[in-house]
Amino acid sequence: MPLIYVLSEERNVIRNIISILEKVDGNVLRSFTEPDELLNEIRTKKPDLLFVDLKVSKGELTGISLLDKFKRYNYNFPVVVVTTLNSIEAVKKAFQYDVIDYISIPFTPDEILEIFQKAIKISNEPTFNEKIKELKKRIEFMNKEDNKDLEDQIKSLFYKNPSLPQPHYLYALFMKNKNPNIAIKNLKASLALDPNFKEAKYALDELENNK
Amino acid sequence: MDFKIPFKKSFYYVVFGCGRLGSIIANELSAKGHSVVVIDRDEASFENLSFDFTGFTLIGEANEIEQMREAKIDKAHAVFVLTPDDNTNIMIALTVKKYFNVNNIIARVYNPKNIKTFAKYKIEIVCPTMLASNRLKKFISKGEKQ
Amino acid sequence: MKVILIGGEEISYYLGRMFLNRGYKVTMVNKKPQYCKYLAKKLKALIINGDGTDNKVLEQLELKSDDVFIALTPRDQDNLVACLAAREIYKIENAISLINDPENLEVFEKIGIEKTVSPVSIMAKAIFASSTVEKHIKSLLTDSSDLEIFEIDINESSPVSRKQLKNIEIKDGIIGAIKRNNSSIIPKGDTYILPGDKLIIISKKEMKNSVYNTFIGET
């Protein structure tokens with residue numbers, strides 16, 4: 001059941017979004033006019049999608065400073081910003097905080113529904129760590145011949161996260177038996193990105209001792 | 001002429017003119033749970049909208065193309081053209097139809113002579129003068145029969 | 001054949017005077033009684049007081065299909081309706097509309113009124129053609145392709161003056177060559193751009209303006 005929060009000081013913005021999305025079966029909607037209330041609620045329960053009106057401003061908290069907080073707290077639920085057409089600068093800024101999309105007032109039901117579908121797809125995707133765990137398990141139990149798909153998935157993880165150590169580590173595990181030299185190279189790359197990556201260290205020691 | 005209002009899910013409507021007629025239509029569409037945008041050059045006209053109106057309002061010259069773009073008119077399921085000026089209505093309706101390719105349009109005209117112009121472009125109209133005169137004509141013929 | 005001028009003040013007066021001097025028959029329609037009196041005093045034209053978008057008034061004009069019909073009111077919607085009536089009811093081919101808001105040029109064309117004049121866009125074109133921006137730029141290739149090759153003069157005030165190429169961000173365009181002191185340089189990332197340089201730039205047509213901004217500054 002998707003949980004959706006809407007933050008805006010404007011009644012029309014809130015009521016429009018709610019009336020469009022409450023027609024989708026299973027959606028649970030909650031609206032906030034105060035950023036503080038929203039933050040409290042998020043601490044108890046994270047939404048599957050959050051709409052933030054960039055115009056919101058209460059004391060120190062503004063639309064943008066909220067986005068900044070979300071990023072610092074590592075909140076990874078999808079956020080969509082709501083804005084008027086003539087505030088393109090604010091939207092540009094918002095995108096620095098990884099919002100998934102923006103919507104300009106006045107918006108149409110179809111625009112809201114499209115964004116909703118996009119957000120739900122994103123929040124259903126396994127997180128990076130879940131994905132790593134899953135692939136690691138598959139490498140452990142892989143059979144000898146047919147693991148082209150597994151290799152592709154590890155590689156796509158590379159492209160999506162070129163600066164993270166885990167994909168290199170996974171690829172090393174994958175290649176360990178086939179080609180130890182490539183495995184060692186990848187483990188070194190992984191450790192270069194994160195010198196404290198223990199699993200990579202162990203694997204590297206093990207491979208080099210076997211040589 | 002195929003002006004129809006689809007009412008199953010939320011639709012997006014644009015209303016030009018927020019006078020007596022425009023505000024009634026905007027309130028009605030909003031009350032039925034649809035998204036509505038009303039455009040009028042006079043901010044005070046929005047006071048005609050009810051407290052429960054949940055749509056958006058835009059202040060500006062209704063026939064300006066920039067204004068129509070801001071209203072996302074190309075995404076409208078239907079457009080109501082209800083400013084008090086016939087020529088403005090003709091231009092808005094033709095612009096919506098020919099420039100933005102939206103076909104579901106209804107416009108008000110006061111001067112019955114303008115009905116022809118709209119008919120040529122297949123735009124549905126409502127003409128208060130004709131509505132009243134037809135009604136009154138029926139009244140007269142009823143009186144003659146008695 | 002006669003010339004019909006609908007609405008407008010000074011502009012209709014000057015146009016009317018010009019056509020009369022060239023020997024044409026001129027009919028002028030104006031909403032304002034005061035202005036009609038003035039026109040009647042000054043010009044030997046047939047002056048009619050009334051709304052030139054109203055069929056009742058148009059009926060009085062004895063319009064023929066070879067007449068020239070010019071709508072000059074300050075409201076585009078009135079010009080549109082007058083021209084539509086002239087064309088649809090009186091089959092006048094030469095129905096010409098003044099366009100006040102240049103954005104409406106395309107709208108009128110789509111509706112089917114193709115003969116239009118927009119003073120604002122004419123002036124804008126003239127201003128841009130003579131503005132400092134264009135003085136610095138010579139277009140080398142303008143064909144139908146979506147590419148544009150042009151030359152930009154760099155002076156001291158250019159935002160890229162004395163900068164290295166690698167520190168300049170160009171969207172959808174490249175600096176193909178630099179002309180400096182009668183010789184040419186094929187630039188690399190560490191090449192500096194100097195005042196007095198002529199840059200040969202290749203860019204996508206639609207990016208031309210952003211390229212101007214990069215090299216000449218906000219205009």
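Tell me, which residue of the stretch A:171-184 that is assigned to a helix (DSSP H, G or I), without any contact (Cβ under 8 Å) to a residue 12 or more places away in the chain and farther than 16 Å from A:ARG138 by Cβ is least open to solvent (accessible area, probe 1.4 Å)?
Our first condition is that a residue be assigned to a helix (DSSP H, G or I); within the stretch A:171-184, this holds for A:171-175, A:180-184.
Next, only the ones that are without any contact (Cβ under 8 Å) to a residue 12 or more places away in the chain stay: A:175, A:181-182.
Right, trim to farther than 16 Å from A:ARG138 by Cβ and you get A:181-182.
Numbers: A:ASN181: 97, A:ILE182: 62 Å².
Per the stated criteria, the residue is A:ILE182.
Taking only the stretch A:7-30 into account, find how many residues are open to solvent by less than 80 Å² (accessible area, probe 1.4 Å), more than 7 Å from chain B (Cβ to nearest Cβ) and in contact with a helix residue (DSSP H, G or I) (Cβ under 8 Å, 6 or more places away or on another chain). Show your work before the answer.
Narrowing the stretch A:7-30 to residues open to solvent by less than 80 Å² (accessible area, probe 1.4 Å): A:7-8, A:10, A:12-14, A:16-21, A:24, A:26-29.
Add one more test, that the residue is more than 7 Å from chain B (Cβ to nearest Cβ), and what stays is A:7-8, A:10, A:13-14, A:17-18, A:21, A:24, A:26-29.
From the residues that got through so far, the ones that are in contact with a helix residue (DSSP H, G or I) (Cβ under 8 Å, 6 or more places away or on another chain) too are A:7-8, A:17, A:21, A:24, A:27, A:29.
Counting residues in the stretch A:7-30 that are open to solvent by less than 80 Å² (accessible area, probe 1.4 Å), more than 7 Å from chain B (Cβ to nearest Cβ) and in contact with a helix residue (DSSP H, G or I) (Cβ under 8 Å, 6 or more places away or on another chain) gives 7.
Out of the stretch A:71-118, which residues are under 16 Å from the mean Cα position of the chain (by Cα), under 24 Å from B:PHE56 (Cα atoms) and in a helix (DSSP H, G or I)?
Listed by number, the residues that qualify are A:ALA94, A:ILE115, A:PHE116, A:GLN117.
Give the number of residues within the stretch A:67-109 that are within 12 Å of chain B (Cβ to nearest Cβ), without any contact (Cβ under 8 Å) to a residue 60 or more places away in the chain and buried (at least 17 other Cβ atoms within 10 Å of the Cβ). If you could, list the steps in order and put the result at the bottom.
To start, the set of residues in the stretch A:67-109 that are within 12 Å of chain B (Cβ to nearest Cβ) comprises A:82, A:84-86, A:103-109.
Next cut, without any contact (Cβ under 8 Å) to a residue 60 or more places away in the chain only: A:84-86, A:103-104, A:106, A:108.
Then drop every residue that is not buried (at least 17 other Cβ atoms within 10 Å of the Cβ), which leaves A:103-104, A:106, A:108.
Residues that pass the stated criteria total 4.
So which residues in the stretch C:53-75 are among the acidic types (Asp, Glu) and more than 14 Å from chain B (Cβ to nearest Cβ), if there are any at all?
C:GLU62, C:ASP66, C:ASP67 - these are the residues of the stretch C:53-75 that are among the acidic types (Asp, Glu) and more than 14 Å from chain B (Cβ to nearest Cβ).
Okay, residues lined up against (1) more than 14 Å from chain C (Cβ to nearest Cβ); (2) of a type in the set (S, T, N, Q); (3) over 13 Å from the mean Cα position of the chain (by Cα):
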{"position": "B:SER45", "(1), (2), (3)": "yes, yes, yes"}
{"position": "B:THR54", "(1), (2), (3)": "yes, yes, yes"}
{"position": "B:PHE80", "(1), (2), (3)": "yes, no, no"}
{"position": "B:ASN111", "(1), (2), (3)": "no, yes, yes"}
{"position": "B:ILE123", "(1), (2), (3)": "no, no, no"}
{"position": "B:LEU131", "(1), (2), (3)": "yes, no, yes"}
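List, please: which pairs have Cβ atoms under 6 Å, are six or more places apart or on different chains, and start with a residue in the stretch C:87-100 that is away from chain B (no Cβ under 11 Å) and end with one that is surrounded by fewer than 20 Cβ atoms within 10 Å (Cβ to Cβ) and among the charged types (D, E, K, R)?
Note: pairs meeting the criteria are C:ALA95/C:ARG87; C:ILE96/C:LYS115.
So which pairs qualify, if the first residue must be in the stretch B:62-76 and closer than 20 Å to A:THR83 by Cβ and at the interface with chain C (Cβ under 10 Å from one of its Cβ atoms), the second must be among the acidic types (Asp, Glu) and open to solvent by less than 60 Å² (accessible area, probe 1.4 Å), the Cβ gap must be under 6 Å, and the two must be at least 6 apart or on different chains?
Matching pairs, first to second residue: none at all.
Within the group B:ILE25, B:ILE105, which residue is open to solvent by 30 Å² or more (accessible area, probe 1.4 Å) and more than 13 Å from chain C (Cβ to nearest Cβ)?
B:ILE25
Taking the stretch B:82-99 as the search range and keeping residues that are of a type in the set (D, E, K, R) and more than 21 Å from C:ASP51 (Cα to Cα), which one is nearest to the other protein chains (Cβ to nearest Cβ)?
Per the criteria, the residue is B:LYS98.
Is one or more of the residues making up the stretch C:11-22 under 22 Å from C:VAL107 (Cβ atoms) and within 14 Å of chain B (Cβ to nearest Cβ)?
No: the stretch C:11-22 contains no residue that is under 22 Å from C:VAL107 (Cβ atoms) and within 14 Å of chain B (Cβ to nearest Cβ).
Give the residues of the stretch C:74-110 that are polar (S, T, N, Q) and either surrounded by fewer than 24 Cβ atoms within 10 Å (Cβ to Cβ) or part of a helix (DSSP H, G or I) (or both), sorted by residue number.
C:GLN77, C:ASN79, C:ASN94, C:ASN100, C:ASN104
Taking the conditions exactly as written (assigned to a helix (DSSP H, G or I), over 26 Å from the mean Cα position of the chain (by Cα) and either among the aromatic types (Phe, Trp, Tyr) or modelled with pLDDT of 85 or more (or both)), does A:LYS201 satisfy them or not?
Yes.
Pairs under 7 Å by beta carbon, first residue surrounded by 18 or more Cβ atoms within 10 Å (Cβ to Cβ) in the stretch C:1-17, partner part of a helix (DSSP H, G or I), six or more apart or different chains?
Close Cβ pairs (under 7 Å, with a partner that is part of a helix (DSSP H, G or I)) amount to C:VAL3/C:PHE19; C:LEU5/C:SER12; C:LEU5/C:LEU15; C:LEU5/C:GLY16; C:ILE6/C:ALA82; C:GLY7/C:ASP78; C:TYR13/C:LEU39.
I'm trying to understand the selection: among the residues of the stretch A:139-170, which are over 23 Å from A:LEU207 (Cα atoms), of a type outside the set (D, E, K, R) and outside any loop (DSSP other than H, G, I, E, B)?
A:GLN153, A:SER156, A:LEU157, A:TYR159
Looking at (1) without any contact (Cβ under 8 Å) to a residue 40 or more places away in the chain; (2) open to solvent by 50 Å² or more (accessible area, probe 1.4 Å); (3) of a type in the set (Lys, Arg), which one does B:LYS122 not meet, given that it meets all the others?
Unmet for B:LYS122, out of (1) without any contact (Cβ under 8 Å) to a residue 40 or more places away in the chain; (2) open to solvent by 50 Å² or more (accessible area, probe 1.4 Å); (3) of a type in the set (Lys, Arg): (1).
If the requirement is being within 13 Å of C:ASP153 (Cα to Cα) and in the same structural domain as C:ASN155 (by TED's automatic domain parsing), which of these qualifies: C:ILE185, C:ILE201?
Matching residue, one of C:ILE185, C:ILE201: C:ILE201.
Here are A:GLU114, A:GLU130, A:GLU140: which of them is among the charged types (D, E, K, R) and more than 30 Å from A:ASN177 (Cα to Cα)?
On the way: A:GLU130 fails: more than 30 Å from A:ASN177 (Cα to Cα); A:GLU140 fails: more than 30 Å from A:ASN177 (Cα to Cα).
Of A:GLU114, A:GLU130, A:GLU140, the one residue that is among the charged types (D, E, K, R) and more than 30 Å from A:ASN177 (Cα to Cα) is A:GLU114.
Being more than 30 Å from B:LEU29 (Cβ to Cβ) and not aromatic (Phe, Trp, Tyr) narrows it down to one residue among A:LYS58, A:LYS23; which is it? Break it down stepwise before answering.
On the way: A:LYS23 fails: more than 30 Å from B:LEU29 (Cβ to Cβ).
Among A:LYS58, A:LYS23, only A:LYS58 is more than 30 Å from B:LEU29 (Cβ to Cβ) and not aromatic (Phe, Trp, Tyr).
The values are calculated or read from the model by the stated rules, or taken from the named source; none is laboratory data. Since the model is a prediction, treat every value here as computed from it, not as a measurement. So basically every Cβ, Gly included, is an ideal-geometry build from the backbone, and we count neighbours across all protein chains shown. Surface areas here come from the heavy atoms of the whole protein model, side chains and all, with no ligands, DNA or RNA. Shrake-Rupley method; radii C 1.70, N 1.55, O 1.52, S 1.80 Å.
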